[in-house]
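The values are calculated or read from the model by the stated rules, or taken from the named source; none is laboratory data. Note that the coordinates shown come from a computational prediction; the quantities given were computed from them, not determined experimentally. Reconstructed Cβ throughout: ideal geometry from the backbone, glycine too, with neighbour counts over all protein chains shown. Only protein heavy atoms, including side chains, enter the accessible area calculation; ligands, DNA and RNA are left aside. Shrake-Rupley method; radii C 1.70, N 1.55, O 1.52, S 1.80 Å.
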Amino acid sequence: MCGIVGYIGDKNASPILVEGLKKLEYRGYDSAGVAVYDDNKINIRKKKGRLAILDEEVQKNPVKGSMGIGHTRWATHGAPSDINSHPHCNGDCSIAIVHNGIIENYMELKEELIEKGYRFLSETDTEVIAHLIDYLYDTDILSAVQAAVKKLKGSFALGVMSTKDPGKIIAIRKDSPLVVGLGERENFIASDIPAILNHTRRVYLLDDNEIAILTQDNVTVLDKYGEEVGKQVFKVDWDAADAEKGGYDYFMHKEIHEQPKALRDTMTSRISRENDDIVLDQIKLGKEELEEINKVYIVACGTAYHAGLVGKFAIEKYARIPVETEIASEFRYRNPIIDEKTLLIVLSQSGETADTLAAMRQVKEHGGRVMAITNVIGSTISREADDVMYTWAGPEIAVASTKAYTTQLVCVYMIALHLGLLKETITKDYADKIREALLRAPEDIEYVLKQEEKIKEFAYKNFKVEDVFFLGRGLDNYVAMEGSLKMKEISYIHSEAYPAGELKHGTIALVVDGTIIIALCTQEELFEKMMSNIKEVKARGAYILAFAQEKNKAIEKEADEVFYIKDTEDDIASIATVVYLQILAYYLSVARGCDVDKPRNLAKSVTVE
Ligand code: F6R
C-alpha cells in the first residue's frame with residue numbers, strides 16, 4: 001500500500017509526479033504530497049485527503065524544479081493528516097523521503113534519535129528514516145541511505161533526495177515493490193508501472209535490497225554489498241490505455257465488462273477445442289515430480305482466497321490430492337507441516353501481498369515447491385515462485401477485484417485438469433467436457449452482462465438495505481463468500497455468507513420479515529437441498545433473490561426473483577454467477593453514493609501485514 005513516484009529530468013517535475021500519483025491512487029488515498037528540488041531548496045506540498053486536493057494545492061502554490069518525489073498514502077502509523085502525509089524531511093529539510101512499507105523498529109530508533117536531539121513533527125515511522133539518514137550523513141546521500149537501511153527492520157520502498165548532494169534520487173526496496181523507469185534524458189521511480197507508462201515502457205524491476213541511483217542521464221543499480229548489478233531492461237508490452245477508464249464511470253464497471261476478453265486471453269494458447277493438450281506454459285511440474293508431492297496448500301488473501309477455495313474443490317475432485325486452502329496471514333504463523341513433498345499454490349492479483357509473499361518464502365525455506373497464479377508480470381511473487389501462471393487479465397485498477405478473480409478461477413481449473421490428466425485420475429473424455437465448459441465461460445459471462453439493467457433495477461429498489469445474507473452449498477458457498485465480500489467492501493452493506501445447511505445452527509435467528517437472502521442454486525446435484533433451505537428462510541419472512549441454471553426453472557416456485565445463468569457443467573457455474581454478484585455490489589455502491597473504485601479504509605495492494 002502507499003504509492004511512490006520520483007522524477008529526474010529536464011521537465012517540470014510536479015505535473016509528472018501528480019499524474020503518476022493519480023495512477024497509483026488505488027494503492028492508498030488518505031493523503032498525498034510532493035517534494036520538488038529547486039535552487040538548492042526542497043519545496044513540499046502535502047495534504048490530507050484525496051489526490052484532487054493536492055492537485056488543487058499544487059495549482060494554487062506551484063513548485064518548480066525538475067527533480068522530485070511524490071507519495072499517496074494508506075495510513076499505518078499516524079492518522080491521515082497534513083503533517084503525517086509524505087514526503088517527510090529531516091530538521092532543515094535538506095533531505096526528503098517518501099516511503100511505502102512499515103518500519104517495525106521505528107519506536108526504538110525514534111527514542112535514540114530524540115536522545116541525540118532530533119525533533120519529530122509527525123507520528124509516522126517514515127519520519128524516523130529521514131532523521132536517521134541525516135544522522136548518518138557523512139559525505140554523500142548514497143552512503144547515508146545505505147547506512148540507514150542497515151538499521152531498519154520491516155519493509156520499505158524508499159525514494160530519497162537531498163540538497164546536500166543534488167542531482168540524484170536514491171531508490172531502494174525491501175519487501176515493497178519498486179520499479180525504475182528509463183527515459184531519454186529523464187528517469188523515474190514508481191511503485192507500479194502504470195504511473196510512468198505515459199513516459200516510458202523500459203523499466204528495471206528492482207529486487208529486494210537493490211539500490212538505484214538515478215541522475216538525469218543515468219541509472220546505476222547496486223546490490224546490498226554495493227556491487228553494480230547488470231539489470232535486464234523489462235519492456236512493458238501493454239498499453240497506457242489499458243489502465244484508463246475508457247468511457248466507463250468507474251474502473252470496476254469497465255473491469256466487470258472486460259471479463260469475457262480477459263478469460264479468453266487467459267485460456268488462449270493454453271486450452272483449445274482443437275488441441276487435446278493443456279499447455280501450462282511456465283509450469284514445469286511434471287509427472288515424476290507430481291508423484292513425489294503428498295501435500296498441497298493453497299494460500300492467498302481476500303478475493304484470491306475465495307478463488308483458492310474453488311481450487312481446492314477442483315484439484316481434489318480431478319487429481320484426488322488432498323488440498324488445504326488457507327488465508328495467508330493465518331498460514332504463516334501456525335507452523336504448518338512443510339517439507340520437500342509440499343506443493344504450495346499462491347494466488348495473488350498484485351503478486352505483492354505481504355502475507356502471501358511471506359507464506360511463500362516460508363514454504364521455500366522448508367524445501368517446498370511454489371506455484372504462483374498472479375496477474376502482475378514481474379511482481380515479486382512471480383519472480384520468486386518456482387512455477388508461474390499469469391492470469392493475463394490486464395491491469396486491474398479498481399480496489400474491488402473482479403476480472404482477476406474470474407481469471408484465477410479459470411487458472412485453477414486448468415491446473416486441476418492438468419494434474420488430473422497427469423495422474424490419470426480423470427479420463428480424457430471427462431477433461432474434454434470440463435474444458436468445453438471452460439471455453440464457453442466467456443459467452444456465459446456475456447449472457448450475464450446482458451441482464452445488467454435488471455440487476456441495476458433491483459439494486460436501486462433495495463439500496464437502503466442494511467443486512468443481506470448469501471446462501472449456497474458446495475461451490476455456490478464459495479461464490480456466496482465472494483459476493484458478500486464485494487457487497488461489503490464497496491457498498492458498506494453488512495452481509496454474511498453461509499453454507500445453506502449451516503444457517504439453522506444459529507444465524508437463522510437473524511432472519512426476519514423482509515430480510516434479503518441471496519440464494520445461489522447453480523449446483524444441479526444440490527438443487528433440491530437448496531430448495532428446502534430457501535423454504536426455511538421464506539417461512540421466516542425472507543425475500544429471496546435466487547440465481548440458478550436455466551434448466552432449473554423450479555426455482556421460480558420458491559424465489560421472489562430469479563436470475564439465470566446459461567446451462568453449464570456445475571463445476572464451471574461459479575464463473576458466470578459471480579458476475580451477477582459483482583454487478584449487484586457495483587450498483588448498490590453507486591446508488592448509495594459510495595466511491596466505487598476507492599472504498600473507505602482500503603487499498604488495492606496490501607504490502608504490509
Ligand atoms: C477484494 C480484493 C482483496 C484482494 C486481496 C489480495 O476485492 O481485491 O480482497 O483479493 O487483498 O490481493 P492480491 O490478489 O493482490 O494478493
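Report yes if some residue within the stretch 231-238 is open to solvent by less than 30 Å² (accessible area, probe 1.4 Å) and part of a loop (DSSP other than H, G, I, E, B); otherwise report no.
yes
Out of the residues in the stretch 592-604 that are open to solvent by 20 Å² or more (accessible area, probe 1.4 Å) and in contact (Cβ under 8 Å) with a residue 12 or more places away in the chain, state the one that is farthest from the ligand (Cβ to nearest atom).
ARG592
Of the residues that make up the stretch 108-122, is at least one buried (at least 23 other Cβ atoms within 10 Å of the Cβ) and in the same structural domain as VAL160 (by TED's automatic domain parsing)?
no
In this structure, does LYS317 turn out to be more than 23 Å from the chain's Cα centre (by Cα), of a type in the set (Lys, Arg) and part of a helix (DSSP H, G or I)?
yes
When you look at ALA328, is it in contact (Cβ under 8 Å) with a residue 40 or more places away in the chain and either open to solvent by less than 20 Å² (accessible area, probe 1.4 Å) or within 16 Å of the ligand (Cβ to nearest atom) (or both), yes or no?
Considered against the rule, which asks whether it is in contact (Cβ under 8 Å) with a residue 40 or more places away in the chain and either open to solvent by less than 20 Å² (accessible area, probe 1.4 Å) or within 16 Å of the ligand (Cβ to nearest atom) (or both), ALA328 comes out as no.
Could you list all residues from the stretch 461-491 that are within 14 Å of the ligand (Cβ to nearest atom) and either in a loop (DSSP other than H, G, I, E, B) or surrounded by fewer than 23 Cβ atoms within 10 Å (Cβ to Cβ) (or both)?
Residues satisfying the conditions are MET481, LEU485, LYS488, GLU489.
Go through (1) part of a helix (DSSP H, G or I); (2) within 16 Å of the ligand (Cβ to nearest atom); (3) touching a residue at least 24 places away in the same chain (Cβ under 8 Å) for SER495 and report which single condition fails.
Answer for SER495: the failing condition is (1).
Check whether at least one residue in the stretch 297-314 is in a helix (DSSP H, G or I), more than 14 Å from the ligand (Cβ to nearest atom), touching a residue at least 60 places away in the same chain (Cβ under 8 Å) and among the β-branched types (Val, Ile, Thr), and report yes or no.
No, that holds for no residue.
Listed residues TYR333, TYR297; which is open to solvent by 60 Å² or more (accessible area, probe 1.4 Å) and closer than 30 Å to GLY154 by Cα?
Being open to solvent by 60 Å² or more (accessible area, probe 1.4 Å) and closer than 30 Å to GLY154 by Cα holds for just one of TYR333, TYR297, which is TYR333.
Could you list all residues from the stretch 51-94 that are basic (Lys, Arg) and either free of Cβ contacts under 8 Å to residues at least 40 places away in the same chain or outside the structural domain of ILE196 (by TED's automatic domain parsing) (or both)?
Across the stretch 51-94, the qualifying residue is only LYS60.
Does at least one position in the stretch 269-281 carry a residue that is surrounded by fewer than 18 Cβ atoms within 10 Å (Cβ to Cβ), at negative phi and at pLDDT 95 or above?
No, the conditions are met nowhere in the stretch 269-281.
Which one of HIS306, HIS366 is crowded, with 24+ Cβ neighbours inside 10 Å and in contact with an Asp or Glu (Cβ under 7 Å, 6 or more places away or on another chain)?
HIS306
Could you check the stretch 10-44 and list, in sequence order, the residues that are open to solvent by 40 Å² or more (accessible area, probe 1.4 Å) and closer than 17 Å to THR124 by Cβ?
Hit for the stretch 10-44 is ILE44, nothing else.
Between a residue in the stretch 125-151 that is surrounded by 20 or more Cβ atoms within 10 Å (Cβ to Cβ) and in a helix (DSSP H, G or I) and any residue that is at pLDDT below 95 and β-branched (Val, Ile, Thr), which pairs come within a Cβ distance under 7 Å, given they are 6 or more apart or on different chains?
If the second residue must be at pLDDT below 95 and β-branched (Val, Ile, Thr), the pairs left are VAL128/ILE103; ILE129/ILE103.
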